[in-house]
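Input: a single structure, listed below in structure tokens.
The values are calculated or read from the model by the stated rules, or taken from the named source; none is laboratory data. Model, not experiment: these values are computed from the prediction. No Cβ is skipped: glycine too gets one built from the backbone with ideal geometry, and neighbour counts run over all protein chains shown. Note: accessible area is taken over every heavy atom of the protein model, side chains too, but ligands, DNA and RNA are not part of it. Shrake-Rupley method; radii C 1.70, N 1.55, O 1.52, S 1.80 Å.
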Amino acid sequence: GAGVSQSPRYKVAKRGQDVALRCDPISGHVSLFWYQQALGQGPEFLTYFQNEAQLDKSGLPSDRFFAERPEGSVSTLKIQRTQQEDSAVYLCASSSAGDNEQFFGPGTRLTVL
Amino acid sequence: GQNIDQPTEMTATEGAIVQINCTYQTSGFNGLFWYQQHAGEAPTFLSYNVLDGLEEKGRFSSFLSRSKGYSYLLLKELQMKDSASYLCAVRDGKLSFGAGTTVTVRA
């Protein structure tokens, strides 16, 4: 079956531009997570959804970062007025209810010039 | 906050055994995970421990001691394809990852 998909796979933005990153979780997975992974580091938690409810957004680094999952499936991570320090791989993961394993997507590599 | 430590790099020979240690200090604990991540790819799940002891899954085993805040991942009969980064992660509601250990397998 289809895994977690993310688009675009690569994004180059000029500093100050807004970007939107999309995540399609595995069908039926109620939990969805966003992570930011800098080069040579482990993923850092950004935010968590259960269905359409955003239950934890404590990892979002600033108010320029915004995530939504309006219908409880597809999610979008939006970054406004991008800065060079936003350059990273943004990973999305999903899991089913009561499942310990999170399934990760391939990530979107964002480069801010 | 969360503090998860693992070695940065390890090198081993094909067919050998490598043990990757992970120590953690976290405000809460609800399970420890190991993930494998090849360069440029997504992390993939390897193992999960929530109780003390050893979990074996084929060539990979993972051990947990909650009282010591310690885990290790044991990779046996190393193959070239095992060259990757191995991430230790602790769940306290959300997952907190270590920086990863890059394992290089040499012929």
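Answer yes or no as to whether A:GLN41 is within 20 Å of B:LYS94 (Cβ to Cβ), of a type outside the set (Lys, Arg) and modelled with pLDDT under 95.
yes
Hey, any hits in region A:12-19 for a residue that's modelled with pLDDT of 95 or more and under 11 Å from the mean Cα position of the chain (by Cα)?
Within region A:12-19 (the criterion being modelled with pLDDT of 95 or more and under 11 Å from the mean Cα position of the chain (by Cα)), the answer is no, since none of the residues qualifies.
Quick check on this structure: which one of A:LEU46, A:LEU32 is over 20 Å from A:GLN83 (Cα atoms) and either modelled with pLDDT of 95 or more or open to solvent by less than 40 Å² (accessible area, probe 1.4 Å) (or both)?
From the options A:LEU46, A:LEU32, the qualifying one is A:LEU32.
Can you pull out every residue in region B:33-64 that is among the acidic types (Asp, Glu), in contact with a strand residue (DSSP E or B) (Cβ under 6 Å, 6 or more places away or on another chain) and not in a strand (DSSP E or B)?
Result: B:ASP52, single match.
So which residues in region B:7-32 are outside any loop (DSSP other than H, G, I, E, B), open to solvent by 50 Å² or more (accessible area, probe 1.4 Å) and under 20 Å from B:LEU64 (Cβ atoms)?
B:GLN19, B:ASN21, B:THR23, B:GLN25
Scan region A:82-91 and tell me whether some residue there is within 14 Å of chain B (Cβ to nearest Cβ), over 15 Å from the mean Cα position of the chain (by Cα) and free of Cβ contacts under 8 Å to residues at least 60 places away in the same chain.
So far as region A:82-91 goes, no, none of its residues is within 14 Å of chain B (Cβ to nearest Cβ), over 15 Å from the mean Cα position of the chain (by Cα) and free of Cβ contacts under 8 Å to residues at least 60 places away in the same chain.
Go through region A:100-113 and give me each residue that's touching a residue at least 40 places away in the same chain (Cβ under 8 Å) and either surrounded by 19 or more Cβ atoms within 10 Å (Cβ to Cβ) or facing chain B (nearest Cβ under 10 Å) (or both).
Across region A:100-113, the qualifying residues are A:GLN102, A:PHE103, A:PHE104, A:GLY105, A:PRO106, A:GLY107, A:THR108, A:ARG109, A:LEU110, A:VAL112.
Which residue out of A:ARG9, A:ARG69, A:ARG15 is within 14 Å of chain B (Cβ to nearest Cβ) and either touching a His at 6+ places or on another chain (Cβ under 8 Å) or not small (Gly, Ala, Ser) (or both)?
None of the other options fit; the residue is A:ARG9.
When region B:78-107 is examined, which residues are found to be of a type in the set (Asp, Glu) and not in a strand (DSSP E or B)?
Looking only at region B:78-107, we keep the residues that are of a type in the set (Asp, Glu), and these are B:82, B:92.
Once the filter is applied, which keeps residues that are of a type in the set (Asp, Glu) and not in a strand (DSSP E or B), region B:78-107 yields only B:ASP82.
So which of A:SER94, A:SER58, A:SER27 is away from chain B (no Cβ under 11 Å) and surrounded by fewer than 14 Cβ atoms within 10 Å (Cβ to Cβ)? Spell out the reasoning first.
Details: A:SER94 fails: surrounded by fewer than 14 Cβ atoms within 10 Å (Cβ to Cβ); A:SER58 fails: away from chain B (no Cβ under 11 Å).
Only one candidate passes the filter, namely A:SER27.
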